[in-house]
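Since the structure comes first, as structure tokens, the remarks are kept for the end.
Values in this text are rule-based calculations from the coordinates and carry no lab data. Bear in mind that the values here come from a model prediction, so they are computed numbers and not experimental data. Virtual Cβ from ideal backbone geometry, glycine too; neighbours counted across all protein chains shown.
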Amino acid sequence: MSDILLHLAGGFVTVFHPINLIALVVGLVVGMLVAVLPGLTLVMGVVLALPFTYGMSIMPSIILLTAMYISGTYGGAFTSILFRIPGEPLDVPLLWDGYAMAHKGQPAKALGWTLFAALTGGILSTLAAVAMVHPFATFALKFDSPEYFAIIMFGLTSIVALGGGSIINAFISLFLGLMIACVGVDEIYGVERFTFGVPMLADGVEYLTVMVGAYGLGEVLVRLESGFQSPQLASGGKVGTEFPTLREVWSIRPTLARSSVLGIIMGIIPGAGATIASFVSYGVEAQYCKRRKELGSGIAEGIVAPQTASTATVAGHLVPLLTLGIPGSGATAVILGAFLLHGVQPGPQLFAKDAALVYAIFASLLIGVVGMCLMGYFAIKLLIKVLYLPEAVTSAFVVLFCFIGAFSARNNVTDLWMIVTFGVVGYLFERYRFPIAPMVLGCILGPQAENSFMTSMISYGNDWTVFFTRPISGLVMALVIAALSYPLIRHLRQEFKLRRLSRASG
């Protein structure tokens, strides 16, 4: 325990280095603006910032992106409570009671509860993650290539959660991402794959262009088709923040405890994420909260539960990312991309090679949570004014940043064409309800899965049963099969019930 505290203290010293501190502040500000501005999403904001970290060192790059991530989970509360416009899907449960409280003439109280929930969830989850991350890494040191392949496959099963309503569409998106990852020259045999005689495909498709194009340009095309809109302040009241009293906080302590634990657990599970944690925590309060019958009418429990859980997932997501190299959400997939861009592979070896980086990231989260809440308290009026910028203007800047960011990564004009291509793909995916996240996940984890698989085949004489006969990899592969089978079995059961009901009615 003393070693952990010593490493964490060193992390605080590292964060307060001028360059790292500037990156932290910029990340908090940009993340807040991304969450507030219409037409931008948290993942899109992190994706747009990724190319600008290419010329930076690894420490400020990761601090910048994680600061944007933590700040973005809180900034959407302003639009949800004051305008009834969820900045992210994770903000939907928040507005059920947040907007209701604001509509009753208490917008400052609703914002105060949100700020308190974000502060509590962020600090508790980060401290828990610091305590868990070293045991996770120690356990992961026992892994060989079969275990890494099994873990990556388990990470790919997050498409069950990221796929939205259709598991079939999620699989199609994932397989497209895996195919894109195979484009170019094979690393082991040196053979070109899926290039179709096109020279610019020989170098492969940079996953950065896939993320920026599908999320950034694709979302702009969707907004352009639907028409740009400017929100109107619904509460009509004075915009400010009013903190809850100690008595009020003490009265909802069970909600705080349940939501914090749920947020941490949902963060560690690949694919669960902030959105699921937000909905699940609200559903738990609907069953166990003392005032559960009043949920939806504007009570504190309905605000605190989703905000605490969604903020708590950020630190939870970093545990599998740093110890196993498995991203648990779209934003952490982008952060994984930042690691790889700087030649750093997250995993158990990261603790042996650069433990200072790991604890500096957690120290930046603790400082970032406090800074985020201070910023939200003092800059609320300015943030709301930014919201009234025409959406067409912000979308134009998004397109500009997409092209600048993609070109700056490799100074290759080919990447600009890739941006346009995957922008159209992202638009079509949104139009026909195909999830983008599985495709991005496949692009990032595909090469790692292939490398682990081929290494295992070479090391174990092409014996594919090694993934099931080794204890750890066998257990993980069993979890993979269970995770993929459950939604299929559930779908078949629903189809069977519907057919039986139709026969009975007929």
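Peptides 66-78, 21-33 ranked from most to least packed give 66-78, 21-33, packing being the mean of other C-beta atoms within 10 angstrom over each peptide's residues. Whole-Hz Karplus values for region 366-380 come out as 4, 5, x, 4, 5, x, 4, 5, 5, 5, x, 6, 8, 10, 4 Hz, taken residue by residue from phi with 6.51 cos²θ - 1.76 cosθ + 1.60 and θ = phi - 60°; glycine and proline positions read x. Phi-derived couplings, Karplus 6.51 cos²θ - 1.76 cosθ + 1.60 at θ = phi - 60°, listed residue by residue for region 479-488: 5, 4, 4, 5, 5, 7, 7, 4, x, 5 Hz, with x used for Gly and Pro.
Rounded, prolate or oblate: which fits region 19-62 when a ≥ b ≥ c are the square roots of the eigenvalues of the alpha-carbon gyration tensor, with rounded for a/c under 1.5 and prolate only if a/b beats b/c? Oblate, because a/c is 1.5 or more while a/b does not exceed b/c. Taking every lysine pair in the chain that is 8 or more places apart or spans two chains, those with Cα atoms closer than 21 Å amount to 11. Candidate values (1) 175; (2) 189; (3) 158 were compared with volume of the Cα convex hull per residue in Å³ computed on the shown model; the agreeing label is (1).
Considering the dipole of the chain built from charges on the beta carbon (Lys and Arg +1, Asp and Glu -1) around the Cα centre, which of THR455, ILE63, SER297 is farthest to its positive end? Positive-most Cα among the choices belongs to SER297. Rounded to whole numbers, the Karplus 3J(HN,Hα) couplings from phi for region 124-131 are 4, 5, 5, 5, 5, 5, 4, 5 Hz, using 6.51 cos²θ - 1.76 cosθ + 1.60 with θ = phi - 60°, and x at Gly and Pro. Distance between the C-alpha centres of region 248-327 and region 112-144: 14 Å, rounded to the whole angstrom. Helical content of the chain, expressed as a calculated mean residue ellipticity at 222 nm, amounts to -24500 deg cm²/dmol (DSSP H runs of 4 or more residues, -39,500 (n - 2.57) each, divided by residue number, nearest 500).
With neighbours defined as other Cβ atoms within 10 Å of a residue's Cβ, the residues ARG223, ARG433, ARG292 order from fewest to most as ARG433, ARG292, ARG223.
Quick check on the exposure proxy: order VAL183, VAL425, VAL304 from fewest to most C-beta atoms within 10 angstrom.
VAL183, VAL425, VAL304
About the Cα centre of the chain, how large is the charge dipole given +1 on each Lys and Arg Cβ and -1 on each Asp and Glu Cβ? Please answer in debye to the nearest 20. All intermediate terms of the calculation are to be shown ahead of the outcome.
Values: 27 positive and 25 negative charges, 378 e Å.
I would put it at about 1820 debye.
By other beta-carbon atoms within 10 Å, ranking LEU484, LEU115 with the fewest at the front produces LEU484, LEU115. Mean separation of Cα pairs under 8 Å and 6 or more residues apart, divided by the residue count, gives the chain a relative contact order of 29 percent. Close amide H partners of GLU192, meaning residues 5 or more places away or on another chain with modelled amide H under 5 Å apart, are ASP186.
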